[in-house]
Structures are given as C-alpha cells and as structure tokens.
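Following: one structure in structure tokens, then a few remarks.
The values are calculated or read from the model by the stated rules, or taken from the named source; none is laboratory data. All of these numbers come straight from a predicted model, not from anything done at the bench. Here the Cβ positions follow ideal geometry from the backbone for every residue, glycine too, while neighbour counts run over all protein chains shown. Protein only, heavy atoms only, side chains kept; ligands, DNA and RNA dropped before computing areas. Shrake-Rupley method; radii C 1.70, N 1.55, O 1.52, S 1.80 Å.
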Amino acid sequence: MSFSACWIILAVELLRLLLKGAPKSMRVLLWIPVALRLCLPFSINSIYSLLPQSVTAPAAVTRVTAVGTTIVSAMDTVTAPSVQAGLSVKEIAAIVWGVGMALMLGYMLICHIRLHRKLRQASPLWGNIYTIPGHGSAFVYGVFRPRIYLPDELQAGHVIAHEQAHINRKDHWWKLLGFMVLTVHWFNPFVWLAYALLCRDLELACDERVIRTMSNREKAEYSEVVQLDTKGKSVVSGRF
C-alpha cells in the first residue's frame, strides 16, 4: 500500500506545480486519492491507472511456479524446527512497525497532555475564542468543539479570521486524518512529505478564503500579521 501510494504522491506533487494558479482549495482535494490508497487494502486498476498494471503469467510459467512452491513447502516442513527457534524477517518488520506506531501515538499523546495543562490558564474572550498568558502563535484546539486560543500579546483581528476560517473549512478534521495515516505509514518518507505539503495547502486555502473579499491594503496587513503568527506552528493533529 505504501509503495503504490508513492506513485500517486509524486503525481500529486506534479499536479500541484501545474495547478499553481488554480484555487488553493483544489490542491487540498488532490490529496484525497493519496489518503484512499494509504487506507484501502485494495486498488482499482484501469487503463488510466497511475499504478503499474499486473501481468497474467503464461500457463507454463504457472505450472513451473506450482512445482517450485511444492518443493519449497516440503523443505519448510523438514526445516521447521530450526526456523521456529527465531523470528522471521516478516515478524521482525511487524514488530518494528508496531513500535514506530506506538512512538508516534505516544508523541501525540504527550503533546496533547502538555497543551491541555497549558490551556487550564485560558480565559474566555467571546464565543469560542479564548486567551492564554504568554506569547506565541494562535491556534485551534479540539475536534468536535474546536476553540481558538490567542496569546495575550498577539494582534487579534486578522488572526481570529484566519483561525475561524480553519474551523469553517473543517481543517482540523483533515489534519487529524492526515496525522493518523502518517502514524500507520511512518516508515515511508513520501508520506511524511505528503503530510507536510497537505498542512501547507491547508494554510494556503485558508488564507485564500479569508482574503477573498479584502481590499489590497487589508490583504497586505493580513499577510504581514498572519505570516508572523504562523511561524513555528505545531503539526500535531487538531492544532493549527
């Protein structure tokens, strides 16, 4: 699944370059086929498929393969006691994969616990907007009832509009899904690249939505404020 998804990820990266002038929300939708390929244990092949097509082996090759399989099975039966003494390569790989998933989930859990402790000091401003002491970047936290958290020293105007656009677009769901897929395919560098580009496309699509009705002066002010705010933002799911 991971290997075949690499072809789709490369195709999406190429399309992102070709569609540079297209609406940024379209670039986010390009990642849906990647997510489906990484989540579904089967693929749909066609003459237009991006994945290599399977080739049916001739009957003679099939017969030879069947004979070879019978011989190998017989050898496995004879050598079974010695093989059972240790782990196979597949079993070792499965253990490493499971440990990697556990580390990813543990990292996410630790980040959320630390953030949850920090948010105990938050004070309600209005609606779903809260302020927290200190300095840093504004962010959205929560899945079913997302809230906007603003540091005390942050200029709130355009930043609130940016974070509210994230909530309206359900970007916290996109990011959560992306991180969970990354947790399963943590060993694939192409998936890490895809997740980073997804987060970037979410930010660009959000900016595009906010500045849609702004004047040129407001766009310049918004760009300056939001660029300062988005530096160093976390990639943990649910937080922007």
Residue 26 accessible area, nearest 10 Å², 1.4 Å probe?
80
Starting from the eigenvalues of the Cα gyration tensor, five times each then square-rooted, give me the equivalent ellipsoid semi-axes of the stretch 94-215, largest first, whole Å.
29, 20, 11
For a quick protection proxy, order the peptides 201-208, 10-17 by their average other-Cβ count within 10 Å, most packed first.
201-208, 10-17
Taking 28 Å as the cut-off for C-alpha to C-alpha distance, list the pairs among 20/170; 20/118; 20/175; 90/170; 20/219 that go past it.
20/118; 90/170
Rounded to the nearest 0.05, what FRET efficiency is calculated for residue 208 and residue 20 with R0 set to 22 Å and r the Cβ-Cβ distance?
0.95
The local net charge around residue 22, scoring Lys/Arg +1 and Asp/Glu -1 for residues other than residue 22 whose Cβ lies under 12 Å from its Cβ, equals +2
Taking the C-alpha atoms of the stretch 139-184, convex hull volume expressed per residue in Å³:
77
Rolling a 1.4 angstrom probe over the protein chains, ignoring ligands and nucleic acids, what is the accessible area of residue 97 in square angstrom, nearest 10?
100
Of all DSSP beta bridges with both partners in the stretch 101-172, the antiparallel percent, nearest 5, is 60
